[in-house]
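Have a look at the structure below before the remarks.
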Amino acid sequence: MDTRLAKLARGGDRAAFAELVELYRDKIFHLAYRMLHNRHEAEEIAQETFLRVYTNLDRYDENQKFSTWIYRIGTNLCIDRLRKRKATFSLDAELNEGEGGDWYNTLASPEESPDNQVVLSETQQQIRESIETLPEKYKAVVILRYLQDLSLQEISDVLSMPVTTIKTRLHRGRDFLRKKLEKLL
């Protein structure tokens, strides 16, 4: 069905593209949110993903699953954002406004909202925080496998890596999480 909608959208059918957006909007947002852990950035990534899908529909290979293609675009955008985020600034640097303020003062509180505290159990919170500490190369694989429920082959297609590499990174990511969670729980 996705492939048919992509063909129609490629031909200029806006309703077909709107259906694709409806089908994947939440999935792409959740993928981005889990990778970036920032609602605003996740919304931006989701919008950018659909913008790139729309402008590159002519490049979509109909022999490939549409879901793999759109997840690859979203994942790559998230990875790019994470790389940029690391090099952006030092939290210890003083702000231009002076008065001794630094970037720590501008960070949002790490506390979850009351609604989220009710929804998330303490164990889920610890798992999420542990996933956030994974090295980048393991984090993407773990999120795509366990939070987005993609198969190893789909992850391989999304990240353009051999399945054996995916298996290795998944195994190492699980080991990392197991060791971290054993200390916490």
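The values are calculated or read from the model by the stated rules, or taken from the named source; none is laboratory data. Everything quoted here is computed from the prediction, not taken from an experiment. Here Cβ is always computed from backbone atoms with ideal geometry, including for glycine, and neighbour counts include all displayed protein chains. For the accessible areas, the whole protein counts, side chains as well, though only heavy atoms, and no ligand, DNA or RNA atoms are used. Shrake-Rupley method; radii C 1.70, N 1.55, O 1.52, S 1.80 Å.
Summary of values
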{"quantity": "Conditions (1) open to solvent by 50 Å² or more (accessible area, probe 1.4 Å); (2) at pLDDT 85 or above; number of the one not met by residue 127", "calculated": "(2)"}
{"quantity": "Residue match in the stretch 1-17 (condition: under 25 Å from residue 124 (Cα atoms) and assigned to a helix (DSSP H, G or I))", "calculated": "no"}
{"quantity": "Qualifying residue in the stretch 80-91 (condition: modelled with pLDDT of 60 or more and either assigned to a loop (DSSP other than H, G, I, E, B) or open to solvent by less than 30 Å² (accessible area, probe 1.4 Å) (or both))", "calculated": "yes"}
{"quantity": "Single condition residue 154 does not satisfy, out of (1) open to solvent by 70 Å² or more (accessible area, probe 1.4 Å); (2) under 23 Å from residue 60 (Cα atoms)", "calculated": "(1)"}
{"quantity": "Options 62, 41: the member that is free of Cβ contacts under 8 Å to residues at least 60 places away in the same chain, farther than 30 Å from residue 130 by Cβ and not polar (S, T, N, Q)", "calculated": "62"}
{"quantity": "The stretch 1-31 - residue that is open to solvent by less than 40 Å² (accessible area, probe 1.4 Å) and without any contact (Cβ under 8 Å) to a residue 60 or more places away in the chain and, of those, nearest to residue 148 (Cα to Cα)", "calculated": "28"}
{"quantity": "Qualifying residue in the stretch 150-161 (condition: part of a helix (DSSP H, G or I) and farther than 14 Å from residue 71 by Cβ)", "calculated": "no"}
